[in-house]
Structures are given as C-alpha cells and as structure tokens.
Amino acid sequence: MRFDIFTLFPEVLKPYLQTSILQRAQQRGLIEVHLHNIRDYATDKHRITDDEPYGGGGGMVMKPEPIFAAVESVLGSPPVCPVILLTPQGRVFNHQIAQHYATYPAVALICGRYEGIDERVREHLVTDELSIGDYVLSGGELPALVVLDAVSRFLPGVLGDPEGALDDSFASGLLEYPHYTRPAEFRGWKVPEVLLSGDHARIARWRREQALLRTWQRRPDLLERANLSQEDLAFLERLRTMEARTKEDQDEV
Ligand code: ADE
C-alpha cells in the first residue's frame, strides 16, 4: 500500500518511519511512504505557504495553491485515491476506519498547520477528514503517523504474527487481557497461577474473562457492540450481581 504525506515538516515524520515495524514493512515492500514538502510547491520568491485570514482575526491560514500543486503534481488531477485531511474537525479515527483504509491501494494524507487551512482545499481537494481525538495538536503530522501506523497493521505480513491485528484490543470489541512475562515472581508480585499451569483451555477462559472484566470496568460502552457468547454473558451477569451485592453491603454500613 502506498502512502503520500503532504506536510511542511517532513523531517518530523522520518524517525518514526525508520523504526521497528514500519521500517520493516517498507523494506519488505509491503508499504511505500512518500513524504512531500508543501513548501517545495510554493512558486513565489519567498515560498510562502500561509497568509492572514480574510475578514481579520488572529492566526495564519495555509494557502490553497501550494497544497493543490503538491497533491495534483504527485497524484494527478483529480487524485484517484482518498485524500485525507488531518484535522480536529474530522471524523474521530478508530479501529474500523483503519481497517477500511487498509483495503485501498493508496491514500494521501495532508497535514494541516497554523490556525487552519483555506476552506477551498477542504471543498475541492480533500475527500475525507479525520481527527485522532478531541484535543488540538500543533499540526497534522502526529495524526498522520497515527493513521499510517494503525492502517499498516491491517496489511498482510506487516505484523510478523499472522493473527496480529486480529488479536489487538478492539478487534474483538474488547480491551485486551493482562500480559505477563518472566520472572514468575517480581518483588513479591506473582504471575497468576493459571498462566503457569500449561492448561490451555483454562488459560483461554481466564484471558477471555479478564478481557471482559477490564472492558466492563473501563469501557462498558464497548460491550454493547462486542460479539459475546452465552458464557461471556453469564460471566458479565455474575460481575453485575457481585457489584450489586457490594453496593448493598456498603449501603448497610
Ligand atoms: N490537527 C490538530 N489536531 C488534530 C487532531 N486532534 N486530529 C487530527 N488532526 C489534528
């Protein structure tokens, strides 16, 4: 899969792309990442990429011409792939959206900076807008890496383990169970006995229950959409009963 990233700060993105899983994915030809400096497409003497907002007010706005020139010269006009603008105004990115983009052969990512971007970019170039959460960052560079990383994990071969992304939190609709490695005891804190038992069926059940417990405690909203068996539902019912009893006991004190 090919990613074209349009930014004023390509150097910010490089170190992350040259590390670990994403570096290996590029070396194996599973993903191709092309970084484009929007400033290289500004044609005036000072290569200006921003200007004051019409109507006044503070902050600077990214000019449309260099962005259109960059995207169209690399991808053609109009580009055939999704052209994604990273912005806090976009749809909030999640597991399902990442999986969706992983079905495309290519996507373009535009990183905004300054106070904003000329609205004509949104209206006539961008096809999708994504936010990585309800907070404002200084630019779209980190969000672009977040999207690229999460999408890449769905591509066959990117994770060494073929189960990879399917095992991740959110794939099952639940948060992940707790993980432990050696030593079996650290500062007096022991690894749960079941994990040392070698009984694979018991381990699988324990992990499932831990995932259910964790999701119930931290993200109960996810349970509404998760794929749950009769056994899972019975376990959750036991949790609810236990909670109700504890509350009754507390009320009595
Ligand atoms: N640019 C600035 N803040 C952002 C956010 N939360 N998500 C995506 N792009 C952004």
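What follows is calculated from the coordinates using simple rules that are stated; it is not laboratory data. Owing to the predicted nature of the structure, the values given are computational and were not obtained by experimental measurement. In this analysis, Cβ positions are derived from the backbone assuming ideal geometry, glycine residues included, and neighbour counts consider all displayed protein chains.
Once the cut-off is 16 Å, how many percent of the Cα-Cα pairs in region 69-126 end up in the long-distance tail?
More than 16 Å apart: 48 percent of the Cα pairs in region 69-126.
Among Glu243, Glu65, rank each residue by its count of other Cβ atoms within 10 Å, from fewest to most, as a rough exposure measure.
By the 10 Å Cβ count, ascending: Glu243, Glu65.
Starting from the eigenvalues of the Cα gyration tensor, five times each then square-rooted, give me the equivalent ellipsoid semi-axes of region 108-253, largest first, whole Å.
They are 40, 23, 16 Å, listed from largest to smallest.
Using the basic label-point model (7 angstrom from Cα toward the beta carbon), what is the Ala69 to Thr246 distance in nanometres?
6.3 nm
Calculate for the chain the 222 nm mean residue ellipticity that helices alone would give, adding -39,500 (n - 2.57) per DSSP H run of length 4 or more and normalising by residue count, nearest 500 deg cm²/dmol.
Value at 222 nm, helices only: -12000 deg cm²/dmol.
Over the chain, calculate the relative contact order: mean separation of alpha carbon pairs under 8 Å at least 6 apart, over the residue count, as a percent.
This gives 18 percent for the chain.
When the Kirkwood hydrodynamic radius is evaluated over all pairs of different C-alpha atoms of region 2-152, what value in angstrom, to one decimal, is obtained?
Mean inverse Cα-Cα distance, inverted, gives 15.8 Å.
Regarding the chain, what whole-number volume in Å³ per residue does the convex hull of its Cα atoms give?
Per residue, the Cα convex hull of the chain comes to 219 Å³.
Using a 10 Å cut-off around each Cβ, can you sort Tyr101, Tyr16, Tyr41, Tyr54 from fewest to most neighbouring Cβ atoms?
Tyr54, Tyr16, Tyr41, Tyr101
What does region 185-252 give for Rg and for Dmax, in Å, if only its C-alpha atoms count?
Here Rg and the maximum Cα pair distance are 14.9, 43 Å.
Would you calculate the convex hull of the Cα atoms in region 126-177 and tell me its volume per residue in Å³?
Dividing the Cα hull volume of region 126-177 by its residue count gives 132 Å³.
At 0.36 nm per residue, minus the direct Cα-Cα distance, what do Ala106 and Asp51 gain on full extension? Give it in nm, one decimal, please.
Here the segment from Ala106 to Asp51 would lengthen by 16.7 nm.
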